[in-house]
Every structure is written in structure tokens, then in C-alpha cells.
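Notes to accompany the following structure.
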Amino acid sequence: MKILFYNHTGQVSGAERVLMMILNGLDREVYQPVVVCPPASRMMEVATSAGVETRELRQLEARFTWRLDRVLKYLTSFAQVIQCARNVVKQERPDLVHANSIRAGVVMAAATIGIDVPVVWHAHDILPRHPLSTFVRLLALATSRNQILAVSHAVASAFRGILLRPFRERVAINVIHNSVNLDLFRPDDSARNESRTRLNLSNDQPVAAIVGQLTLRKGQLELIHAFASVAQTLPDAVLLIVGEAVFSHDQGYARQLRDTVSALALNDRVRFLGPRDDIPRLLQAVDVLVVNSHQEPFALTVLEGLASGLAVLATSVGGTPEMIQHDRNGWLVPARHIEQLSDSLMALLNDGPLRARLGAAARQDACTRYSIKRFLTQVNSLYRGASLPAKVTSHELSPSSNLTSIQTEKRTPLPLS
């Protein structure tokens, strides 16, 4: 089966890491993958390094926005990319197209009009309340060739909205939770001391960390303010901020973070580590992993924390409650609530037995529910079903592979520019 994998951006972040997990796990005797993405990009580089055939397609410039001038600019970009994508599809003649984002799904759904090829939209984000979201849903409804692969129930519910509720059979929405490398991310007491030594941390220092892009929706600023209160009570506590501002519009936010640390006199307590390629080892040095996002479809960082056997302190948004049950395998707090975040961080850093209990349950859940083998089995099943001409119905692929209907979940939208 020849599958065209389309990634609309050349950046490599969470969605691209999931895509590479799929590509690395495909049986090459069964599947012939071709990755389509912007030329001379990081995505092109990692796909080529994995031994996957690639095709170039110009970068798509598109975001949800209320500014009319930007809408016109983005629609022009869509039109140009769709035409180029159509040419690629005609030349490659795939059996299936896997579009690795909602934006990519829009491109490929339009590009394959009149071409009998199924399109799987891999929805990694939560659709916002926006007029363009209605257009996205109408395009998904336009043909039964489209299927939606959602990373969480929250994503599935937001995509369906009110418009698509009566069309559950025509627009199939499949929920397949992401997975984590359980061999790479795992507890390792012997490696903990080594990791701390490399970071110039003592073995008994309370250490919290937040990992991800430096951007407003990840909530690093609120965490810095919350940690300021913790630092007054725990004089040895350290906060590690891992990541960088990937997009140009986030550079100002990154500067604000550093300025805030200086203003709060936390320069010796908060460390900016930048982007790292040793996250599994770094997490072994951490006591509490904080995921303070304003929105989160289904964070890979949460999965990595669970698999590492850490106490994960996260905001109860989007798909996160599908992974974490409060006070059982992690700790949940409301988003944008600095006082509760501070109190919870203090409680976790102060209570070793509580962290151990949460971490043990977290690791067990990761092994049971989020293995790569489980993930690839469900993705393979989706590919086989999507390529069949038989009528497809909307369903959820649960970790046990049982088929059940998708339930309505609370929505958390994508950021608007």
C-alpha cells in the first residue's frame, strides 16, 4: 500500500514526532511511505534520515485569525499549495493520503477532489470557535473519502462540533491516543545521580521542570510566578525551563520570561536550558514535571513524564484528563490559576512518598495504555479500514481496541493570532 504522508510545515514538534513514530514503525514490505513537506526543512531532513522517500511541497502559511488582511494572505497560500499538492497526488497515485494536521487535511481534501483516494486527517489540535472552523467541517463532510484521526476525545469533540453531529457515519472520527517509547522514557534510580551531577544539582535538591516551546499557551510565565512563592519556603528548590521560542512571534514572550526571572530575583533558582536532545536523561533528574498549558490536545510531554515514573503536575485542559486522574497517577490543577499551581507544586516537592505513589501508577498506566506497539496496531487497522471501499462508520479505537462511540468533551480551542 502506497501512503502519501503530507506535513504542511517544515518545523519538527509534537505532531512531527508522532509522524516519525508511525514512519519508523511501518512494515516496509506492506507499506510504501512517501513524505511530502517543505524543501530544505528539518522535517525533510528527519524523513530522509529515516530512509523514507520524500517529495517537496512549498510551506503552507495559514493560521486562525480575525484579521481580514491575514485571512486573504492565508487563503492565497492555501490555493497555491493545493494546486501543487494535486500535482503530487496525480504523479504519485497513492492508495491513501495521511495528512498530518487539520491544515494538511484541508489541503489534501481539496487537492484530491475528483481523485478516488481516501484522506486521513490526523487532528493534533483543537478547532477554535471561528468561522473558518465551519468551513473545515464542511470540507470534511463534502466526501466520505475523508476520515478524521483525533489524538484525544477532546480533539474529536471539538472537530465534530454541532455541525457534524448528525453525520457520524459520513465523517468517521477515530480516536487513537499517542504513544511513548517506554524503553527510552523510564525510571532509573542509578541514572538520577548522574543526570543531577551533569546539571550541577545535589541529590536532595527539590527540582521541578517544564518542557516545551516557549510560547504563551504553555504557561511558563505563570509557573515562574508560582515558583517564586515556592522558592521562599524551599530555599534549595530549582526550576528548569527546557525549550525555545520556535516561531518569531514568540521571541518577545521568551524575553519576558527572562525579564520576569530577573525582576523576581530568581536568576540562581530558575535555569533556562534551551532546546535539548537528552530529554529522557534530563527527566531522570526531576522530581516534578509541570505541564502548565492553557490548552493541550494530548501532550506528548505528559506521556513522557508518566513513562518516566514522575509526579506530573498538569492543568486540567483538553486531552490531559484522558491521561491523568487526579491524585491517582498525577496531579491536576485549573489553568491560569497561579495560587493553586504554587500550592500543588509545594505539596509535591515536599512529599516524597506522594511523588513515589503517583509515579508508580503513572509508569504502570504508560506501559498498559500507551505503548508504541498498541499505537501502531491501531494505526495499521485504521489504514486497512480507510483503504477498503466498504462503508465506514464513525468509531473510537480505545487502548483495548474495542469500538465505542465518541463522547462529547469540553473544548479548548487553538490560539488565535
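The values are calculated or read from the model by the stated rules, or taken from the named source; none is laboratory data. Please read these numbers as outputs of a predicted model, since none were measured by experiment. Neighbour counts run over all protein chains shown; Cβ positions are idealised from the backbone, glycine included.
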Write out, first by first residue and then by second, each pair whose Cβ atoms fall under 8 Å of each other, whose residues are 6+ apart or on separate chains, and whose first residue, in the stretch 259-273, is in contact (Cβ under 8 Å) with a residue 12 or more places away in the chain and more than 17 Å from residue 286 (Cα to Cα) while the second is among the aliphatic types (A, V, I, L, M) and part of a helix (DSSP H, G or I).
260/221; 260/224; 261/224; 264/224; 264/228; 266/224; 266/228; 266/231
Can you confirm whether residue 284 is in contact with a helix residue (DSSP H, G or I) (Cβ under 9 Å, 6 or more places away or on another chain), over 21 Å from residue 204 (Cα atoms) and surrounded by 15 or more Cβ atoms within 10 Å (Cβ to Cβ)?
no
Any chance residue 76 is surrounded by fewer than 23 Cβ atoms within 10 Å (Cβ to Cβ), in the same structural domain as residue 383 (by TED's automatic domain parsing) and either touching a Ser or Thr at 6+ places or on another chain (Cβ under 9 Å) or of a type outside the set (Asp, Glu) (or both)
yes
Give the stretch 178-193 a look and list any residue that's touching a Lys or Arg at 6+ places or on another chain (Cβ under 8 Å) and either surrounded by fewer than 23 Cβ atoms within 10 Å (Cβ to Cβ) or aromatic (Phe, Trp, Tyr) (or both), or say none.
186, 187, 191
Test residue 203 against the stated conditions and say whether it is part of a loop (DSSP other than H, G, I, E, B), of a type in the set (S, T, N, Q) and without any contact (Cβ under 8 Å) to a residue 40 or more places away in the chain.
yes
Tell me, yes or no, whether the stretch 283-296 has at least one residue that is farther than 22 Å from residue 237 by Cα, out of contact with any Ser or Thr (no Cβ under 7 Å at 6 or more places or on another chain) and at pLDDT 95 or above.
yes
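Might you check whether a residue that is under 25 Å from residue 34 (Cβ atoms), hydrophobic (A, V, I, L, M, F, W, C) and exposed (fewer than 14 other Cβ atoms within 10 Å of the Cβ) occurs anywhere in the stretch 101-122?
Looking through the stretch 101-122, at least one residue is under 25 Å from residue 34 (Cβ atoms), hydrophobic (A, V, I, L, M, F, W, C) and exposed (fewer than 14 other Cβ atoms within 10 Å of the Cβ).
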Selection within the stretch 1-20 - more than 21 Å from residue 91 (Cα to Cα), in contact with a Leu (Cβ under 8 Å, 6 or more places away or on another chain) and hydrophobic (A, V, I, L, M, F, W, C):
18
When the residues of the stretch 218-235 are narrowed to those that are in a loop (DSSP other than H, G, I, E, B) and modelled with pLDDT of 95 or more, which ends up surrounded by the most Cβ atoms within 10 Å (Cβ to Cβ)?
219
Conditions (1) surrounded by 15 or more Cβ atoms within 10 Å (Cβ to Cβ); (2) assigned by TED's automatic domain parsing to the domain that holds residue 213; (3) in contact with a helix residue (DSSP H, G or I) (Cβ under 7 Å, 6 or more places away or on another chain); (4) under 30 Å from residue 165 (Cα atoms); number of the one not met by residue 334
(1)
Residue check, residue 215 within 20 Å of the chain's Cα centre (by Cα), surrounded by fewer than 24 Cβ atoms within 10 Å (Cβ to Cβ) and in contact (Cβ under 8 Å) with a residue 24 or more places away in the chain:
yes
Tell me, which residue of the stretch 124-164 that is in contact with a helix residue (DSSP H, G or I) (Cβ under 8 Å, 6 or more places away or on another chain), of a type in the set (A, V, I, L, M) and in a loop (DSSP other than H, G, I, E, B) is farthest from residue 97 (Cα to Cα)?
163
For residue 323, which of the numbered conditions (1) within 27 Å of residue 127 (Cβ to Cβ); (2) surrounded by fewer than 22 Cβ atoms within 10 Å (Cβ to Cβ) fails to hold?
(2)
